[in-house]
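Structure first, then comments.
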Amino acid sequence: MKNHIYIKNKIKSFNKKIKVSSDKSISIRSVLLASQALGTSNISNLLESEDVLNALNAIKKLGINYTKKKNTYIIQGYGLNGYDIRKKTTIDAGNSGTLARLILGLLVKSKKEIRLIGDKSLSKRDFSRVIKPLKLFGVNIKNKNKVLPIKILGTDFLRPITYEEKIGSAQVKSCIIFSALNTPGTSVIKSKKSRNHTELMLKFLGYPIKVISKKDYDIISIKGLRQFKGFNYKIPGDISSASFFIVLTLLSHKSKIVIENVNVNRSRLGIVSILNKMGAKIKLRNKNNYNGEQIADIHVKSIKNFNRIICPSKLNSTAIDEFLIIFLVAAKAKGISKFKDLGEMNKKESKRLDLAVKFLKLIGIKIKRNKDDIKIHGNPNLSLSKNIVMKNFLKDHRIFFLSCIAALTLGGNWKINDKDSINTSFPDFLKTLKILGAKIN
């Protein structure tokens, strides 16, 4: 089967209501926490992407059974440290850094050595950021060059830690929180602001976790060895997936969209703040609180003119997965937009900052880069008529999504490779585009 698509026409005006894929971060966390809960958990609207299916496969290898009935996954947990681990167990995290880093935190008491592997892309990513705190807990870790594969052997002599997380990585923070669940005593994390789904979910489960929020960081205290019961949870829509349809609408001609039932957690709302600063008028309506998470419908209208932005670095962690598509808006803005301290983009599924610069140059945008800072010289009249072939972008799903939105709004004749990458986070991406009227061959 061919693994590429062709787009040769801009999308025409549309006025639609849509739903996007379920939140990937919450889907993975719900599966992992259900595997440690005492009793049965029912998770509905779970994202059925490769990353989440790998999470389900992982808990099954650890002795946790699950079934699916209609739109609900039923997971039977046996409490903290309730895994039944066999000799020579290997867990394949595929492309998911979230799964790989978080599940390590749940294996800190494993009595048998477990080998953690991933795909070619994940195997290049830095795991020293979680290896360091895991060793402080007393866990035995074997690996070379700070990357996968990793061998982990738990211990019965875990000790609570106090740790400062300086990166702003929710994966690192969550790995430490998960490790603390199985550790006697109270562990404390001073964590730079990042997405807080793990903390909110544990509060929803009644777990004794305490969060003191400061201006630039949180102080998180976790008491270990407290059981929690199975739970029911309905996964909301993912704002990272919604972001591509937000920008598609903004850049299209006389178009409107309502994206229903999206998680608008404040730690993930950077894209809305940034785009509204650039002239968009994105509205959040029908807001409600669901188990600590904020859910809303996102209303967007197309606009003609965009302002440049000097993006505050404090917004970086709240938009780290969305900067690729934000850069496309900056490419159409009047003036020079500036973004700073974006090194964390190169720690994702691919070196996204490097690839973003390559992509913007490909579509004719002037870029100046100084290490982790970039300046984008916007062109409000940007329109393409040439042939563009998207390849050698490391099969990154968000690069594929970005390319589709650029093709549908800027014009040109596009051949976009690595169609299968959408299965990582949004298997229905192309189907949803076609609902809006996109012509994709």
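With a Förster radius of 41 Å, plug the Cβ-Cβ distance of Lys8 and Asp216 into 1/(1 + (r/R0)^6) and report the FRET value to the nearest 0.05. Provide the component values of the computation, followed by the final result.
On the way: r = 47 Å, r/R0 = 1.15.
According to the calculation, E is roughly 0.30.
Just to confirm a number: summing +1 for Lys and Arg and -1 for Asp and Glu over residues other than Ile209 whose beta-carbon lies under 12 angstrom from that of Ile209, what do you get?
Numbers: positive: Lys173, Lys203, Lys210, Lys223, Arg226; negative: Glu199, Asp218.
Charge balance in the 12 Å sphere: +3.
Provide, in order from the shortest bin, the percent of all Cα-Cα pairs of the range 228-380 in each 10 Å bin, continuing until the bin that contains the maximum pair distance.
11, 39, 33, 13, 3, 0
Which of Lys124/Lys340; Lys190/Lys348; Lys358/Lys415; Lys366/Lys415; Lys192/Lys348; Lys254/Lys366 have a Cα-Cα distance over 20 Å?
Listed pairs above 20 Å: Lys124/Lys340; Lys190/Lys348; Lys366/Lys415; Lys254/Lys366.
Would you grab the residues whose amide H sits under 5 Å from the one on Ile167? Only those 5+ places off in sequence or on another chain, please, with H modelled 1.01 Å from N.
Counting only residues 5 or more places away or on other chains, the set is Lys192.
Using θ = phi - 60° and the Karplus form 6.51 cos²θ - 1.76 cosθ + 1.60, what ³J(HN,Hα) does each residue of the range 150-161 get, whole Hz, x for Gly and Pro?
10, 10, 10, 10, x, 8, 8, 10, 5, 10, x, 10
State the answer as a single residue: which of Ser302, Tyr78, Leu53 lies farthest towards the positive end of the charge dipole of the chain, with beta carbon charges of +1 for Lys and Arg and -1 for Asp and Glu, about the Cα centre.
Projecting each Cα onto the dipole axis, the largest value belongs to Ser302.
Given the convex hull of the Cα atoms of the range 106-256, what is a quarter of its surface area in nm²?
Result: 12.1 nm².
So, counting K/R as plus one and D/E as minus one, what does the shell of residues with Cβ under 11 Å around Leu80 add up to?
+2
Calculate for the chain the 222 nm mean residue ellipticity that helices alone would give, adding -39,500 (n - 2.57) per DSSP H run of length 4 or more and normalising by residue count, nearest 500 deg cm²/dmol. Spell out each step's value before the answer.
Working: 12 runs with 125 residues, N = 441.
Mean residue ellipticity at 222 nm (helix-derived): -8500 deg cm²/dmol.
Quick check on the range 24-225: of the DSSP beta bridges with both residues there, what percent are antiparallel, nearest 5%?
In the range 24-225, approximately 80 percent of DSSP beta bridges are antiparallel ones.
Give the long-range amide H neighbours of Asn182: residues separated by 5 or more places, or on another chain, with amide H under 5 Å away, using H modelled in the peptide plane at 1.01 Å from N.
Correct list: Leu225.
Once you charge only the Cβ atoms, +1 for Lys and Arg and -1 for Asp and Glu, what is the size of the charge dipole of the range 24-225 about its Cα centre, to the nearest 20 debye?
Here the range 24-225 has a charge dipole of around 400 debye.
Looking at the range 24-225 from every direction and averaging, what is the projected area of its Cα convex hull in nm²?
Averaging across all directions leaves 10.2 nm² for the Cα convex hull.
Would you mind telling me the antiparallel percentage of the DSSP bridges in the chain, rounded to 5?
That works out to approximately 70 percent antiparallel.
Can you give me the relative contact order of the chain as a percent, contacts being Cα pairs under 8 Å and 6 or more apart?
The normalised contact order for the chain reaches 19 percent.
What percent does the relative contact order of the range 24-225 come to when contacts are Cα pairs within less than 8 Å and at least six residues apart?
16 percent
Kindly give the semi-axes, whole Å and largest first, of the ellipsoid equivalent to the range 334-441, taking each as the square root of 5 times a Cα gyration tensor eigenvalue.
Ellipsoid half-lengths, sorted descending, are 24, 19, 12 Å.
Can you tell me the Rg and Dmax of the range 153-206, counting just the alpha carbons, in angstroms?
That works out to 11.6, 32 Å for Rg and Dmax.
Among Thr90, Thr432, Thr186, rank each residue by its count of other Cβ atoms within 10 Å, from fewest to most, as a rough exposure measure.
Thr90, Thr186, Thr432
Could you give the size of the charge dipole of the chain about its Cα centre, using +1 on the Cβ of each K and R and -1 on the Cβ of each D and E, expressed in debye and rounded to the nearest 20?
Values: 84 positive and 31 negative charges, 200 e Å.
The dipole of the chain has a size of about 960 debye.
Positive end of the dipole of the chain, charges at C-beta (+1 Lys, Arg; -1 Asp, Glu), about the Cα centre: which of Ser96, Ser255, Leu62 has its Cα farthest in that direction?
It is Ser255.
Please list, ordered by chain and number, the residues whose modelled amide H lies under 5 Å from the amide H of His4; skip anything fewer than 5 residues away on the same chain.
Result for His4 returns Lys419.
Which listed residue (Gln36, Ser123, Met201) has the Cα farthest towards the positive end of the charge dipole for the chain, taking +1 on Lys and Arg C-beta and -1 on Asp and Glu C-beta about the Cα centre?
Ser123
Using the number of other C-beta atoms within 10 angstrom as an exposure proxy, rank Ser187, Ser128 with the fewest first.
Ser128, Ser187
Since every read-out is calculated from the coordinates, none of them should be taken as a lab result. Since the structure is predicted, the reported quantities are computational estimates derived from the model, not experimental observations. So basically every Cβ, Gly included, is an ideal-geometry build from the backbone, and we count neighbours across all protein chains shown.
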